[in-house]
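To start, the structure itself, in structure tokens.
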Amino acid sequence: MTDVRVRIAPSPTGPVHVGTAYQALFDLVLAKKHGGKFVMRIEDTDQTRSRPEYEEQIFKALRWMGLDWDEGPDVGGPYGPYRQSERTEIYREHAKQLVDGGHAYPCFCTSERLDVLRKEQMQNKTKLGYDGHCRDLSAEEVAEKLAEGLDHVIRLKMPQEGTCIVKDRFRGEIELDYAQVDDQVLIKTDGFPTYHMAVVVDDHLMKISHVIRGEEWIMSTPKHLVLYEAYGWEPPEYMHLSLLLNPDGSKMSKRRNPTSVEYYRRAGYSPQALRNYLALMAYPPVGEEDMFSFEQLVEDFDPDKINLGGSIFDMEKLNWLNGRYLREDRSSEQLLKDLKDWLVNDEHFAQMLPFLQQRMETLGDFMPQVAFFFARKVDPQAEDLVPKKRQAEEIPPMLQTAIWALDEVLDWQKEGIEAALRGVAEYWEWPVRDVTVPLIAALTGEKVGPPLFESAALLGQDMTRMRLIDAMNVLGGLSKKKAAKLEKGWKAKR
RNA sequence: GCUCCCAUCGUCUAGAGGUUAGGACCCAGGGUUUUCAACCCUGUAACCGGAGUUCAAUUCUCCGUGGGAGCACCA
């Protein structure tokens, strides 16, 4: 095998999803198996959604999981820069090559026209996708429009007939008709590349030999293959991993379950256990045991043993596995160190003192009052979640809007949290108290507790989110239909 | 709607033509224990359906069915 180089390419648009860690895990396994390199590349080409603070979270979360990389924006390497926003010139040049070679073309269609087109296609139930409106503009027309300074994108000219064969190491050969895929945008109006453009150019330039990614990418692989072909480059070997699923079988989403790596860290899971469990989602137990180390997995790894069906993320089994690591894989000295590294340390206690000091008569009052900061989950009573003069049915919708508002807080500090929650009270035209009372119960599991905003800040964004979801469920939850309607109203008012 | 992927207990899976279809989580019962965990034992529970191929199909093929994914100037 030639030099194995794999990469994980997260986009910094939110907390790190366990699915990202799951892919990174198999990337690392493959790299270690063959003495290859693991590359971290930040895909921040979406200027509207990418945030530098999420990049930090990616590094932190993946490092905590023990999935360290050999090259990346923070550690450097011979194929940098490893941040796509710093590579725009490279993409522009490559796009120009494509246009010059007749493999791509400028498109002047407005997003309005595209919206109308899409609606028509949905109505007429015809094939969805770009209709090739600008595909055959003459050189004069293009020059003219360019001279006018019209906004435009660069689109890839896809074959209009024939079959594309995608070779997948896990699944064999997959046949996809070119007619099925439209002329994908390569360079956006803002001059930034889309995923499809950037991924191909970077994977080639960074000499990536194997691409392990989620199953959701299978359908767009022909676009990538066409690009490799146009450049005359050798494509990497593709391996599409099955998806992680919610208990109801849909693609794992944060709507009902904790999906961020940070949540698992904060809830007290061990990185070894989480890695082990994630491996089990696509790979059978090594030997007789469900419990195995990363090294054992590398040793045993065989792509033919990968399971292709989507796997439901079963928190109960994760809990059991994690328990085994805690009691079988650690001396009490190590366990004590784990606790300290986690949250049982002076720094964490010190953060609580400012608002705990005035609530104590003896030192013995301290621990009971801060227990909820350490708990995996709390158990709020329905009656405590409903403020006086409010009906129980009113609470889940409010909690849902609180979740949305809190999701948007970038700097997770008292101030941002407070502003978000005051916004929620305003939205419902409720006294702020009617928002904070249920939240206190949701976060602490008690009627009363330390100041809400500070507590939420200390609990962390992901843990806060999960406790609010749990609280909603205590009150019977919120139907999908109601949630959709609520979301419309919520978005409209802001 | 179109296309693709997938299909063994509720969940994660072993199985690669002939097995009492095995294990793990969960659940139930029991044992051990001052209690609770942990631990040990036992039990409940599965090959989506129909055609082929074959002496023989959970296993191979095809067609259904079911589930999932994709169809953006998001990745």
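The values are calculated or read from the model by the stated rules, or taken from the named source; none is laboratory data. The shown structure was predicted, so the numbers you read here are calculated from the model rather than taken from an experiment. Backbone-built Cβ (ideal geometry, glycine too); neighbour counts: all protein chains shown. Quick note on the areas: whole protein, heavy atoms, side chains included, nothing else; ligands and nucleic acids left out. Shrake-Rupley method; radii C 1.70, N 1.55, O 1.52, S 1.80 Å.
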ask   = Pairs under 6 Å by beta carbon, first residue over 14 Å from A:Pro81 (Cα atoms) in region A:25-46, partner modelled with pLDDT of 95 or more and acidic (Asp, Glu), six or more apart or different chains?
value = A:Lys37/A:Asp70; A:Phe38/A:Asp27; A:Phe38/A:Asp70
ask   = Residue check: is A:Glu361 more than 32 Å from the chain's Cα centre (by Cα), assigned by TED's automatic domain parsing to the domain that holds A:Ile469 and farther than 24 Å from A:Arg433 by Cα?
value = yes
ask   = Is it true that some residue in region A:181-190 is more than 7 Å from RNA strand B (Cβ to nearest atom), of a type outside the set (Ser, Thr, Tyr), assigned by TED's automatic domain parsing to the domain that holds A:Leu114 and surrounded by fewer than 18 Cβ atoms within 10 Å (Cβ to Cβ)?
value = no
ask   = Considering only residues of region A:220-258 that are of a type in the set (A, V, I, L, M, F, W, C) and more than 30 Å from A:Lys207 (Cα to Cα), which is surrounded by the most Cβ atoms within 10 Å (Cβ to Cβ)?
value = A:Met252
message = Would you confirm, using the coordinates I've provided, whether A:Ser311 is small (Gly, Ala, Ser), within 16 Å of RNA strand B (Cβ to nearest atom) and touching a residue at least 60 places away in the same chain (Cβ under 8 Å)?
response = yes
task = Find the helices (runs of 4 or more DSSP H) located wholly in region A:259-344 whose residues include 1 or more that are open to solvent by 70 Å² or more (accessible area, probe 1.4 Å) and not aromatic (Phe, Trp, Tyr), and list them.
result = A:294-300, A:315-328, A:332-342
query = Hey, among the residues in region A:141-155 that are within 11 Å of RNA strand B (Cβ to nearest atom) and not basic (Lys, Arg), which one's surrounded by the most Cβ atoms within 10 Å (Cβ to Cβ)?
reply = A:Ile154
message = For region A:156-170, check the following and say yes or no: at least one residue is closer than 30 Å to A:Ser85 by Cβ and in contact with a Ser or Thr (Cβ under 7 Å, 6 or more places away or on another chain).
response = yes
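Per-residue answers, yes or no, for (1) in contact (Cβ under 8 Å) with a residue 12 or more places away in the chain; (2) within 20 Å of A:Glu394 (Cβ to Cβ); (3) not aliphatic (A, V, I, L, M):
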residue: A:Val432; (1), (2), (3): no, yes, no
residue: A:Ile440; (1), (2), (3): yes, yes, no
residue: A:Glu446; (1), (2), (3): yes, no, yes
residue: A:Asp462; (1), (2), (3): yes, no, yes
residue: A:Arg467; (1), (2), (3): yes, yes, yes
residue: A:Val474; (1), (2), (3): yes, yes, no
residue: A:Lys482; (1), (2), (3): yes, yes, yes
residue: A:Lys493; (1), (2), (3): yes, yes, yes
query = Out of all the residues in region A:426-448, which are within 29 Å of the chain's Cα centre (by Cα) and either more than 19 Å from A:Gly460 (Cα to Cα) or surrounded by fewer than 18 Cβ atoms within 10 Å (Cβ to Cβ) (or both)?
reply = A:Tyr427
Test: residue in region A:120-140 that is open to solvent by 50 Å² or more (accessible area, probe 1.4 Å), touching a Lys or Arg at 6+ places or on another chain (Cβ under 9 Å) and over 21 Å from A:Phe192 (Cα atoms) = yes
message = Just the residues that are in contact with a Pro (Cβ under 9 Å, 6 or more places away or on another chain), among the small types (Gly, Ala, Ser) and not in a helix (DSSP H, G or I), please, taken from region A:78-104.
response = A:Gly80
query = How many residues does region A:68-105 hold that are charged (D, E, K, R) and within 13 Å of RNA strand B (Cβ to nearest atom)?
reply = 2
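Counting only residues that are hydroxyl-bearing (Ser, Thr, Tyr) and either farther than 19 Å from A:Tyr79 by Cα or part of a helix (DSSP H, G or I) (or both), how many does region A:1-19 have?
Residues meeting the conditions: 1.
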Filtered residues of region A:28-67 (kept if more than 16 Å from the chain's Cα centre (by Cα), within 15 Å of RNA strand B (Cβ to nearest atom) and open to solvent by less than 20 Å² (accessible area, probe 1.4 Å)) = A:Val39
message = Can you go through A:Ser253, A:Ser260 and tell me which one is in the same structural domain as A:Val39 (by TED's automatic domain parsing) and either aromatic (Phe, Trp, Tyr) or in contact with a Pro (Cβ under 6 Å, 6 or more places away or on another chain) (or both)?
response = A:Ser260
Pairs where the first residue, in region A:227-238, is closer than 19 Å to A:Tyr178 by Cα and the second is assigned to a strand (DSSP E or B) and open to solvent by 50 Å² or more (accessible area, probe 1.4 Å), C-beta under 9 Å, 6+ apart = A:Pro235/A:Lys167; A:Tyr238/A:Lys167
